[in-house]
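Please treat every number below as a calculation from the coordinates, not as lab data. Just so we're clear, the structure is a prediction, and the values are computed from it rather than from any experiment. FYI the Cβ positions are ideal-geometry reconstructions off the backbone, even for glycines, and counts take in every protein chain you see.
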Amino acid sequence: MTTLLDIQNLRGGYGRVEVLRGVDLRVNAGEMVALLGSNGAGKSTLNKMICGLCPAWSGSVHFDGQDLSGAHYREVVKAGLIQVPEGRKVFPNLSVLENLELGSFTRARERRASNLDKVFGIFPRLKERIGQAAGTMSGGEQQMLAIGRGLMAEPVLLILDEPSLGLSPLLVEEMFSLIRQLREDGLAVLLVEQNVGQSLEIADRAYVLENGSVRFSGLPQELLGSDELRRAYLGL
Ligand SMILES: Nc1ncnc2c1ncn2[C@@H]1O[C@H](COP(=O)(O)OP(=O)(O)O)[C@@H](O)[C@H]1O
Ligand SMILES: [Mg+2]
């Protein structure tokens, strides 16, 4: 199994406040890894550090044979490590098409047209709304747009930060079947979710982050199969 993302002893925070206290995490090629943990555990901070959006104090990030420790986010994107950030940050005043086109600004620009077709194949709704300002769409549609924009960059690893947050139950189902589809197509995915049950159902492996440290890493069955672990980390 090829290791795609290899994070070692990552530390960092905001100002002088330490948030990540030495995190080790790995994602292999084609793997779906769930990153769980309560609000404020440091999941989004970890994503930001991996993607060069927030500097780490120490530790290393290797991706697909490259040392990306301390790299600029543009280098991270160029390497194919693509993040769909928390809170579906689409550009509200730009159209659906413009938002998607921005996804291929740094990577895969020469295949923009064919990737647009692919994204429209996955999300026909986006094609119907191609000229609409992103900010006028529903939360679910904006989340699809954010994911579509990520796919425009031809990710090698896609990090999804709370993709189902704030979606209706029906859309949550749709979101999870989409994520499952992406993985079946061979994409490696790091999935950050509050929706623990559904994430563990589709994940190959899982990590639980608490207070900036990895408290559990292993198979979903181990986590779900132990009353103690379930109670301690999942509140189930
Ligand atoms: N921009 C920021 N400035 C200062 N503190 C932050 C910032 N973003 C997050 N934090 C703090 O870092 C900790 C981890 O937050 P976060 O990574 O967002 O957790 P999670 O994504 O697991 O909910 C929290 O205590 C949060 O208040
Ligand atoms: Mg978060």
For region 87-211, rounded, prolate or oblate, judged on the Cα gyration tensor with a ≥ b ≥ c (square roots of eigenvalues), a/c < 1.5 rounded, else prolate if a/b > b/c? prolate
Length added when fully stretched, Gln194-Leu53, from 0.36 nm per residue minus Cα-Cα: 48.5 nm
Formal net charge of residues neighbouring Gly59 (Cβ-Cβ distance under 15 Å; K, R +1; D, E -1): 0
How many angstrom separate the Cα center of region 23-42 from the Cα center of region 109-131? 29
Could you calculate the contour length gain from Phe105 to Thr3, that is, 0.36 nm times the residue separation minus the distance between their Cα atoms, to one decimal place in nm? 34.0 nm
Could you work out the helix-only [θ] at 222 nm for the chain, with each DSSP H run of four or more residues adding -39,500 (n - 2.57) and the total divided by the number of residues, to the nearest 500 deg cm²/dmol? -9500 deg cm²/dmol
Please give the helix 169-184 orientation as an angle from the longest Cα principal axis of the chain, in degrees from 0 to 90, rounded to the nearest 10. 80
Met152, Met137 arranged by Cβ crowding within 10 Å, fewest neighbours leading: Met137, Met152
